[in-house]
Amino acid sequence: IRHPELAERCEDPYPDTFCPSNPDSYKLLFDVLDEVIDVFNPEIINIGHDEYYSINVCDRCRKRIISNSDLLAEDINRIYDFLKSKDVKTMLWCDKLMNVEGGAGHGGALTYVYFAWNPNDELLGIIKPTWEARNKIPEDIICMNWYMSFGEEYDEEIRKFSVVFGNFWGQYDFRNFRKRMGNNTIGGMCSNWGAVDDVYFQRNNIYSAMAYNDVY
């Protein structure tokens with residue numbers, strides 16, 4: 001919001017995506033990452049990239065005539081190289097690397113974007129596939145997979161990466177646990193969209209999820 005000149009959609013009052021074709025985007029990003037690394041001295045940084053809707057839509061990107069998958073891979077690789085130079089591993093949410101049909105508009109397959117994600121409402125645009133980017137990025141990137149509920153067959157799409165099952169609620173909807181926690185899976189992470197206190201943790205079933213996940 002403070003840097004509309006970096007936004008992929010400059011007209012958006014609440015832009016959530018920077019333009020990966022603008023060098024100034026990385027000047028700001030790397031400055032922030034430098035500060036995070038200096039303060040926290042992390043082994044791993046999650047660079048996000050989930051629910052990446054505004055891709056290859058601004059004039060700067062479109063003039064390059066580059067595919068969505070190439071643009072995504074280029075962006076990930078640039079951030080990966082920076083973090084590697086700081087001896088920090090890269091983690092990301094990998095929904096845009098997965099060719100999931102019917103992926104609620106978030107995945108890496110061809111996506112039709114409707115108002116309020118209602119297919120009976122106004123069509124706002126089409127996001128071309130991004131999933132092929134997974135073949136163009138380093139294999140030591142850690143993938144946070146929150147698409148586990150779409151089916152076991154999609155686990156194979158990211159088999160070459162180390163995987164953490166994100167938004168993990170094993171006690172509710174996770175089947176064939178031992179099979180799916182294969183050689184490339186290094187853990188699971190439950191999530192909480194609320195305050196970090198007892199009331200929210202109880203209401204959102206975080207305590208039970210943490211206990212269950214720790215046991216298994």
When both residues are 6+ apart or on different chains and their Cβ atoms are under 9 Å apart, which pairs have a first residue that lies in segment 73-94 and is among the small types (Gly, Ala, Ser), and a second that is surrounded by fewer than 16 Cβ atoms within 10 Å (Cβ to Cβ)? Ala73/Asn135; Ala73/Lys136
Considering only residues that are among the aromatic types (Phe, Trp, Tyr), under 19 Å from Ser149 (Cβ atoms) and either open to solvent by less than 60 Å² (accessible area, probe 1.4 Å) or under 18 Å from the mean Cα position of the chain (by Cα) (or both), which ones fall in segment 77-121? Trp93
Looking at segment 122-166, which of the residues that are part of a loop (DSSP other than H, G, I, E, B) and buried (at least 18 other Cβ atoms within 10 Å of the Cβ) is nearest to the chain's Cα centre (by Cα)? Trp146
Would you check if there is a residue in segment 37-47 being within 17 Å of Arg9 (Cβ to Cβ), more than 14 Å from the chain's Cα centre (by Cα) and outside any helix (DSSP H, G or I)? no
Looking at segment 19-36, which of its residues are in contact with a Leu (Cβ under 8 Å, 6 or more places away or on another chain) and within 22 Å of Lys89 (Cα to Cα)? Pro20, Ser25, Leu28, Leu33
Check His3 against each of (1) modelled with pLDDT under 95; (2) on the phi > 0 side of the Ramachandran plot and name the one condition it does not meet. (2)
Within segment 176-190, does at least one residue satisfy the condition of being touching a Phe, Trp or Tyr at 6+ places or on another chain (Cβ under 6 Å), of a type in the set (Phe, Trp, Tyr), more than 15 Å from Glu51 (Cβ to Cβ) and open to solvent by less than 80 Å² (accessible area, probe 1.4 Å)? no
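The values are calculated or read from the model by the stated rules, or taken from the named source; none is laboratory data. Just so we're clear, the structure is a prediction, and the values are computed from it rather than from any experiment. No Cβ is skipped: glycine too gets one built from the backbone with ideal geometry, and neighbour counts run over all protein chains shown. All accessible areas refer to the heavy atoms of the entire protein, side chains included, with ligands and DNA or RNA removed. Shrake-Rupley method; radii C 1.70, N 1.55, O 1.52, S 1.80 Å.
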